[in-house]
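The values are calculated or read from the model by the stated rules, or taken from the named source; none is laboratory data. Computed from a predicted model, the values in this text were never measured in an experiment. A quick note on method: Cβ atoms are made from the backbone with ideal geometry, for glycine too, and the neighbour counts reach across all protein chains shown.
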Amino acid sequence: MAKNLTKLAGQVAIYGISSVLARLLNYLLVPYYTRIMSPAEYGIITDIYALIPFALVVLTMGMESGYFRFAAKAADEQERKRVYGTTWGAVVAAASVFLGVVLLFEEPISAALGYAGKDYVWITALIIFLDVAGAIPFARLRQEGRAGRFVCIRLLSVIINIGLCLWFYNAQPECCRLFSTPTDPGYAFVANLVASGLTFILLLISCRGSFGGFSSRTFKTIFLYSLPLLISGIAGTANEFIDRQMVKFLMPAEESLAALGIYGAVVKIGVVMLLFTQMYRLAAEPFFLAEFKKDEFKESNAAAMKYFVLVSVLIFLFITLFSDLFALIVGPDFREGMYILPLVLVSNALSGIVLNLSFWYKQVGATKYAIVITGIGLVFTVVFNILLVPTLGYAGAAIARLVCELSMVVVSYRLGQKHYPIPYDLKRIAEYFLIGGAMYALSLLWADSIGTLKYLANSALIIAFVIYAVRREKINIGGLLRAITRRK
């Protein structure tokens, strides 16, 4: 088991490097946008980018997990190519239909979203088409362990996106302006479109020779496996992003976009926790969906959960104990929302726990439980947003997200213990949560202080937590470093 976990840690680190670098580079746009745009303008970016993940989940149809599962079970390379060609063909067909419908009904869709007369909708539709079409090729790179190619393509895409954004908002000649105002959010979408297009071309080149043709029989098998993941993915994405729409439509119209911009900016500060969850998912999904002996899977998943919680608590402490420094990331007009940051971070950590709790039913093919879990979460999301957002504003949305994630953790755990019991070390997990919470509470005693002593005290708390965790778990730091540096 230790060997498996070391391998997983190495994979997490490799994919994490790409995710962290990509997100950090992209992250540079947050302080930039929040200084050149008003909260209402940034609210448009928050709104549009909350819609894109929902479309991606619907159009990829859960085929990424299906591809990992059936590519791992393929008897030979020809069958693996057929799995790839079938899943890729299915998502491209779905994306093409989506693009055609949006272009045909662009005006009424734009009006319904509140962007009549703007070009945001068709540009966003093209971005979605390209990102969906690239999803399975990216999965192919992950399944084959081609981390270097994966990292390079992602980083190049981000660099192109950032470069174009800076050019549009700073160096673009007035005669070449695409929108009426120099800070129009539309330039961000155009930059994204160009980056997505170039990424798709590079993915096609990287995966040439991988196509094995489309098989209707193979599609039926994979689709039946993936359908519950699709339904749960829709609910899960709604759980994660519907709060933006609730803020937009449940708050007074004259305040909603500005509030959405502030909320979106604070959520961006919590991106470090999401980064960790994302890089963990990139490595853990193909890892845990490969062939495993039952007992070995259970032991590995239980240990992975404990270490995931440990790192999540560390990230929470790092961000909250230095929240006044993280607040400098966004412009002054956006910092009034920093008080919801701890809620955002805890919600993101719980989301990662739900991910860990999902691997057992994906491994055994019982993906129907995903619908139950995310469906219950969606009910909590909608109900609590409706109850809280009209009175508490975006703080109500943050609370609703926390309640949603907590409900899914409880339901996921109960279902797992009933149908596929895994020996999670609940005492140790609770121990790390309690220690992290106690350290955060202790830091509040000097939170209003100004100067070096506060940062030294907070740094001491974080160092103490790290030393305690390493000794408590007897973590082999050298082994982890070797797993990373020796990986090709």
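Taking the options T381, T367, name whichever one is touching a Pro at 6+ places or on another chain (Cβ under 7 Å) and either of a type in the set (S, T, N, Q) or over 30 Å from L227 (Cα atoms) (or both).
Selected residue: T367, the only one of T381, T367 that is touching a Pro at 6+ places or on another chain (Cβ under 7 Å) and either of a type in the set (S, T, N, Q) or over 30 Å from L227 (Cα atoms) (or both).
Return the residue satisfying two criteria in turn: it lies in the range 416-447 and is in contact with a helix residue (DSSP H, G or I) (Cβ under 7 Å, 6 or more places away or on another chain) and part of a loop (DSSP other than H, G, I, E, B), and of such residues it is surrounded by the most Cβ atoms within 10 Å (Cβ to Cβ).
Y424
Do we have S407 as out of contact with any Ser or Thr (no Cβ under 8 Å at 6 or more places or on another chain) and closer than 27 Å to W360 by Cβ here?
Values: out of contact with any Ser or Thr (no Cβ under 8 Å at 6 or more places or on another chain): yes; closer than 27 Å to W360 by Cβ: yes.
Yes, satisfied.
Okay, residues lined up against (1) over 29 Å from R335 (Cα atoms); (2) modelled with pLDDT under 90; (3) in contact with a Leu (Cβ under 7 Å, 6 or more places away or on another chain):
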site: K362; (1), (2), (3): yes, yes, yes
site: V379; (1), (2), (3): yes, no, no
site: V382; (1), (2), (3): no, no, no
site: V389; (1), (2), (3): no, no, yes
site: L402; (1), (2), (3): no, no, yes
site: S407; (1), (2), (3): yes, no, no
site: K418; (1), (2), (3): yes, no, no
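Go through (1) surrounded by fewer than 16 Cβ atoms within 10 Å (Cβ to Cβ); (2) in contact with a helix residue (DSSP H, G or I) (Cβ under 7 Å, 6 or more places away or on another chain) and name the single condition F105 misses.
Answer for F105: the failing condition is (2).
Scan the range 133-189 for residues that are of a type in the set (S, T, Y) and either farther than 30 Å from A284 by Cα or modelled with pLDDT under 85 (or both) and jot them down.
The answer is Y169, S180, T181, T183, Y187.
If I ask for residues that are over 21 Å from D324 (Cβ atoms), in a loop (DSSP other than H, G, I, E, B) and in contact with a helix residue (DSSP H, G or I) (Cβ under 9 Å, 6 or more places away or on another chain), which ones from the range 448-478 would you list?
Of everything in the range 448-478, those that are over 21 Å from D324 (Cβ atoms), in a loop (DSSP other than H, G, I, E, B) and in contact with a helix residue (DSSP H, G or I) (Cβ under 9 Å, 6 or more places away or on another chain) turn out to be I475, N476.
Could you give me the residue pairs with C-beta distances under 8 Å whose first residue belongs to the range 195-207 and is in contact (Cβ under 8 Å) with a residue 40 or more places away in the chain, whose second residue is buried (at least 18 other Cβ atoms within 10 Å of the Cβ) and not in a helix (DSSP H, G or I) wherever it lies, and which are 6+ apart or on separate chains?
S196/G134; T199/G134; F200/G134; L203/G134
Mind listing whichever residues of the range 152-192 are among the small types (G, A, S), touching a residue at least 60 places away in the same chain (Cβ under 8 Å) and more than 30 Å from S65 (Cα to Cα)?
Passing the criteria: G186, A188.
Each row is one residue, and each column tells you yes or no for (1) at pLDDT below 85; (2) crowded, with 18+ Cβ neighbours inside 10 Å; (3) over 20 Å from Q278 (Cα atoms); (4) of a type in the set (V, I, T).
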residue	(1), (2), (3), (4)
M1	yes, no, yes, no
I14	yes, yes, no, yes
S18	yes, yes, no, no
L28	yes, no, no, no
Y32	no, no, yes, no
R35	no, no, yes, no
Y42	no, yes, yes, no
G62	yes, yes, no, no
D76	yes, no, yes, no
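Which of (1) within 26 Å of I222 (Cβ to Cβ); (2) without any contact (Cβ under 8 Å) to a residue 60 or more places away in the chain is the odd one out, the single condition L103 does not satisfy?
Every listed condition holds for L103 apart from (1).
Take the conditions at pLDDT below 80, of a type in the set (D, E, K, R) and assigned to a helix (DSSP H, G or I) and apply them to R217. Does it pass?
Answer is no for this residue.
Let me spell it out: the conditions are (1) at negative phi; (2) touching a helix residue (DSSP H, G or I) at 6+ places or on another chain (Cβ under 7 Å), and G393 meets all of them except one. Which number is the exception?
Evaluating G393 over (1) at negative phi; (2) touching a helix residue (DSSP H, G or I) at 6+ places or on another chain (Cβ under 7 Å) leaves (1) as the failure.
Condition (residue is in a helix (DSSP H, G or I), crowded, with 16+ Cβ neighbours inside 10 Å and in contact with a Pro (Cβ under 8 Å, 6 or more places away or on another chain)) applied to the range 141-163: is it met by at least one residue?
yes
Take the residues in the range 228-255 that are of a type in the set (S, T, N, Q) and surrounded by fewer than 23 Cβ atoms within 10 Å (Cβ to Cβ), then tell me which one is nearest to the chain's Cα centre (by Cα).
Initially, the range 228-255 is screened for residues of a type in the set (S, T, N, Q), giving 232, 237, 239, 245.
Narrowing further to those that are surrounded by fewer than 23 Cβ atoms within 10 Å (Cβ to Cβ): 237, 245.
On the way: T237: 10, Q245: 18 Å.
So, considering only residues that are of a type in the set (S, T, N, Q) and surrounded by fewer than 23 Cβ atoms within 10 Å (Cβ to Cβ), the one nearest to the chain's Cα centre (by Cα) is T237.
Please work out if A22 is buried (at least 16 other Cβ atoms within 10 Å of the Cβ), at pLDDT 90 or above and farther than 27 Å from K248 by Cα.
So A22 does not fit the description; no.
Go through the range 316-329 residue by residue and tally those that are under 22 Å from A400 (Cβ atoms) and within 21 Å of the chain's Cα centre (by Cα).
The qualifying residues number 3.
Consider I376 carefully, then state whether it is under 21 Å from D243 (Cα atoms), surrounded by fewer than 19 Cβ atoms within 10 Å (Cβ to Cβ), β-branched (V, I, T) and in contact with a helix residue (DSSP H, G or I) (Cβ under 7 Å, 6 or more places away or on another chain). Quick ask: steps written out before the conclusion?
Values: under 21 Å from D243 (Cα atoms): yes; surrounded by fewer than 19 Cβ atoms within 10 Å (Cβ to Cβ): yes; β-branched (V, I, T): yes; in contact with a helix residue (DSSP H, G or I) (Cβ under 7 Å, 6 or more places away or on another chain): yes.
Yes: the conditions hold for I376.
Is there any pair with a first residue in the range 127-151 that is touching a residue at least 60 places away in the same chain (Cβ under 8 Å) and a second that is not hydrophobic (A, V, I, L, M, F, W, C) and not in a helix (DSSP H, G or I) whose Cβ atoms are under 7 Å apart and which are 6 or more apart or on different chains, and what are they?
If the second residue must be not hydrophobic (A, V, I, L, M, F, W, C) and not in a helix (DSSP H, G or I), the pairs left are R140/S210.
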